[in-house]
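Novice: I have a structure here, written as structure tokens, and I will follow up with some questions on it.
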Amino acid sequence: EAGSTGTIEYPCEGGAVTATLGSITFSGSVTNGELSLSGTEQIIGPDGCLWQNDHFIAGSIPSGVLSYFYQETLLTDPPFDCWSPCTETGTVEISWQ
């Protein structure tokens, strides 16, 4: 969701990574500073239909900027009165704390 904030925790030497962004929990890995994370949720949308939302974060931790990709898949069948799925992309900036 636009404007969400969260945290990414990873070992400096690389390995397993976990993250939260808004209400989404991500898991993945970091190797040589390159991060790859994914998170999935299923929700009932405002249209009353069942959706699967897949979220992905990837990029270079040393650069401080990661890319974000989001895709919706409609699971309700048949899709009467359901909205059309959407795909969004954006950037996530790293703020060290």
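Novice: Need the failing condition index for Y10 against (1) closer than 16 Å to S95 by Cβ; (2) free of Cβ contacts under 8 Å to residues at least 40 places away in the same chain; (3) aromatic (F, W, Y), just the number.
Specialist: Answer for Y10: the failing condition is (2).
Novice: Of the residues S67, S84, S63, S38, which is on the phi < 0 side of the Ramachandran plot and at pLDDT 95 or above? It would help to see each step written out before you state the result.
Specialist: Values: S67 fails: at pLDDT 95 or above; S84 fails: at pLDDT 95 or above; S63 fails: at pLDDT 95 or above.
None of the other options fit; the residue is S38.
Novice: So, one more: Restricting attention to the stretch 42-55, does a residue exist that is at pLDDT below 90, open to solvent by 90 Å² or more (accessible area, probe 1.4 Å), on the phi < 0 side of the Ramachandran plot and among the aliphatic types (A, V, I, L, M)? Spell out how you get there, then give the answer.
Specialist: Step one: of the stretch 42-55, the residues at pLDDT below 90 are none.
No - not one qualifying residue is present in the stretch 42-55.
Novice: Within the stretch 56-80, track down each residue that is of a type in the set (S, T, Y) and open to solvent by 40 Å² or more (accessible area, probe 1.4 Å). First the steps, then the outcome.
Specialist: Within the stretch 56-80, the subset of a type in the set (S, T, Y) is 60, 63, 67-68, 70, 73, 76.
Answer for the stretch 56-80, where residues must be of a type in the set (S, T, Y) and open to solvent by 40 Å² or more (accessible area, probe 1.4 Å): S63, S67, T73, T76.
Novice: State yes or no: is S63 of a type outside the set (K, R) and assigned to a strand (DSSP E or B)? Steps first, please.
Specialist: Working: of a type outside the set (K, R): yes; assigned to a strand (DSSP E or B): no.
When the stated conditions are applied, S63 does not pass them.
Novice: Pairs under 8 Å by beta carbon, first residue in a strand (DSSP E or B) in the stretch 20-48, partner open to solvent by less than 70 Å² (accessible area, probe 1.4 Å) and among the acidic types (D, E), six or more apart or different chains?
Specialist: Taking only residues 6 or more apart or on different chains, the pairs are I24/E41; S38/D54; G39/D54; T40/D54.
Novice: So, E88, is that one closer than 21 Å to I8 by Cα, among the charged types (D, E, K, R) and under 16 Å from the mean Cα position of the chain (by Cα) or not? Lay out the reasoning, then the answer.
Specialist: Working: closer than 21 Å to I8 by Cα: yes; among the charged types (D, E, K, R): yes; under 16 Å from the mean Cα position of the chain (by Cα): yes.
Answer is yes for this residue.
Novice: Among the residues of the stretch 81-97, what is the count of those that are open to solvent by 70 Å² or more (accessible area, probe 1.4 Å) and either aliphatic (A, V, I, L, M) or not in a strand (DSSP E or B) (or both)?
Specialist: We begin by selecting, within the stretch 81-97, every residue open to solvent by 70 Å² or more (accessible area, probe 1.4 Å); these are 81, 83-85, 87-89, 91, 93, 95-97.
Next, only the ones that are either aliphatic (A, V, I, L, M) or not in a strand (DSSP E or B) (or both) stay: 81, 83-85, 95-97.
Residues meeting the conditions: 7.
The values are calculated or read from the model by the stated rules, or taken from the named source; none is laboratory data. As the structure is a prediction and not an experimental result, all values here were calculated from the model. Every residue, glycine as well, gets a Cβ built from its backbone with ideal geometry; the counts of neighbours run over all protein chains shown. The accessibility values were calculated without ligands, DNA or RNA, using every heavy atom of the protein model including side chains. Shrake-Rupley method; radii C 1.70, N 1.55, O 1.52, S 1.80 Å.
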